[in-house]
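Only one structure is covered here, and it is reproduced in the block below.
The values are calculated or read from the model by the stated rules, or taken from the named source; none is laboratory data. All of these numbers come straight from a predicted model, not from anything done at the bench. In this analysis, Cβ positions are derived from the backbone assuming ideal geometry, glycine residues included, and neighbour counts consider all displayed protein chains. Accessible surface is based on the protein model in full, side chains and every heavy atom, while ligands, DNA and RNA are left aside. Shrake-Rupley method; radii C 1.70, N 1.55, O 1.52, S 1.80 Å.
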Amino acid sequence: MDSQLGQGSIEVKGIDTTGRLVPAWLLTFAILVLIFYAPVGFMLIKGFIGTDGHFTVSYIRDILVDPYYRGIFGFTLLQATASTIVSIFLALPLSFLMARYRFKGKSILRALTLVPFVLPSILVALGFVIAYGNNGFLNRFLMSVFHRDSPPLRILYSFKAIILAHSFYNFPVALRIIASSWESIPRSNYDAAETLGGKGFTLFRTVTLPHLIPSILSSAILIFLYCFGSFAVILVLGGGPRFTTLEVEMFNLMRVELDMGKAGALAFIRTIFSLLLLYLHMVARERTTAEKKGEPVPLKSLSSTGPIFKSIVYAYLIFIVIFVVLPLASIFARSLSGVRNPISFPSLEAYRSLFSGGATTETIVGAIRNSLIYGGATVCIAVPLGIAVSYISVRSSFGKSFETLAMLPIAVSSMVFALGYVLIRSRFRLSGFPASALFIVLAHSIAAYPFVARTLSSGLAAIGPSYRQAACSLGAGPVTAFITVELPLLSRAITSGAAFAFALSIGEFNASLLLSEPFQSTIPVAIYRLVSAYNFSGACVLGSILILLCIIAFFLIDRFKGKEEAL
């Protein structure tokens, strides 16, 4: 039996079985066209259709020459660039410590630093309001210590608040990617350099840095993408039109000004730019995953280092822990404080007020119920779709091309395809609970399945060829071999992917805000409406519930080790 398996075609007894994947490829691609490419196309084409119904480029031209829109695009680039630099700057020292040292609490710290990226963006914004606001916990603490009558730190509703929130949210991305790359540098590389007289900074410059550059670039581009498409953080912490980004402006054009043409043109420009970034990320990521493996460098004990170095390290670690924990702890603390007197603690007044009955309680309970239903439905769609995408990407000769097409939702803003669904709903006059709920679930599934696919692709590529050879020798085709042999071996990765899809769904804000009817609010949308009504106690109660749901999903993700592959 001549069997060749892997990224290319699968041959058994000289017969190329790649053709058997064509039906699966066509079905999967047809689903992606239906739920992703079609709504995106509906939205983008609006930028080229004039009020008379004919083709036009006037919307694109007007946006490109208008100083107002150039200013929005410039600020979007500025805040994304600054956020990326700060995120990388925060992550590099911790990546070094994780890759090279042993110390007490390392595993807890590693798990803790994953939490921010699992959290919904609306929770990050809420946590920063409660922790760093003028009446937030940090300012109240400083006012008490230094006996001041006014808050010493004025962070909120400023450029600083946006950068800090984005850095909090995204530095775990850089940490995971860079630390993993740092750990993978073979010891033999350092041994070879040392025999040639290299040491100290020379070793870092000639061995470590060249190895890390692809991972740094990969994580930087990915973080830039996330910050470039940020919506909830800008909406809550920006504080006004001065800090408007492309995402916020698209929302205003579509929902406030009802200018579909300019919204479509802005979505087109934003999408083209994001696709270019996605291509650069995939190139950098491929170089990162292609790094040679070998015996790792032995870990040193942090306790055996000098006192000055240890002091600096522990000060940095304490800062990171406070940076991560304070916004989340502030949400819990505010939920357990009095509604009229926030200083009173502990108190269940906020919980009683929110769940005491009436229309507000009905809305909140409905939001929790809707989020759980949408999350479960998203898992049912995103996991099978992610499995199909990962299988075709890894097992077919056209896998790389298919993966590129399937991963486009990472670059295309959820705001864009959600606006596409709004247009479809209006065009075909689809209204009511079933249609809106379906569109919300589909939007959540589009956002989730690429992460499921990446989680499974790594596990699928790691399965040895002997399993498939045995199945093929008994007459099984590639799909049958996958279902009966490989799929059970991926159960842990599937569990991790499902947990991540559920976490993304219950925390998704952009599409949910656009597509939900008043009776279909999700937890993030309800939190935003409570914040807009200055009901911070109620928002923190609901935020605490959402954090607990995210922690459960986070526990499953970390337990089954799928997050690193998803990045």
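Observations on the model:
- Whichever residue in segment 159-195 is under 28 Å from Phe75 (Cα atoms) and hydroxyl-bearing (Ser, Thr, Tyr) and, among such residues, is nearest to the chain's Cα centre (by Cα): Tyr169
- Pairs linking a residue in segment 106-118 that is over 12 Å from Leu94 (Cβ atoms) to a residue that is modelled with pLDDT of 80 or more and open to solvent by 30 Å² or more (accessible area, probe 1.4 Å), with Cβ atoms under 7 Å and 6 or more positions apart or on different chains, are Pro116/Tyr169; Phe117/Tyr169.
- Odd one out for Leu277, checked against (1) in a helix (DSSP H, G or I); (2) among the hydrophobic types (A, V, I, L, M, F, W, C); (3) over 18 Å from the mean Cα position of the chain (by Cα): (3)
- Identification of helices (runs of 4 or more DSSP H) wholly contained in segment 82-188 with 3 or more residues that are modelled with pLDDT under 90, under 29 Å from Ile552 (Cα atoms) and open to solvent by 20 Å² or more (accessible area, probe 1.4 Å) yields 106-112, 159-183.
- Taken together, the residues in segment 338-372 that are in a helix (DSSP H, G or I) and either small (Gly, Ala, Ser) or modelled with pLDDT under 75 (or both) amount to 7.
- Across segment 429-451, the number of residues qualifying as among the hydroxyl-bearing types (Ser, Thr, Tyr), open to solvent by 20 Å² or more (accessible area, probe 1.4 Å) and in a helix (DSSP H, G or I) comes to 0.
- Count - residues of segment 234-263 that are among the charged types (D, E, K, R), open to solvent by less than 50 Å² (accessible area, probe 1.4 Å) and without any contact (Cβ under 8 Å) to a residue 24 or more places away in the chain: 1
- Segment 297-321 residues that are of a type outside the set (Lys, Arg), paired with ones that are open to solvent by 100 Å² or more (accessible area, probe 1.4 Å) and modelled with pLDDT of 85 or more (beta carbon under 6 Å, 6 or more apart): Leu299/Arg102; Ser301/Arg102
- Any pair with Cβ under 7 angstrom, 6 or more apart, that starts in segment 187-207 at a residue that is within 13 Å of Pro296 (Cβ to Cβ) and ends at one that is open to solvent by 90 Å² or more (accessible area, probe 1.4 Å): Arg187/Glu295; Ser188/Glu295
- Residue in segment 413-428 that is basic (Lys, Arg), surrounded by fewer than 24 Cβ atoms within 10 Å (Cβ to Cβ) and out of contact with any Phe, Trp or Tyr (no Cβ under 8 Å at 6 or more places or on another chain) present: no
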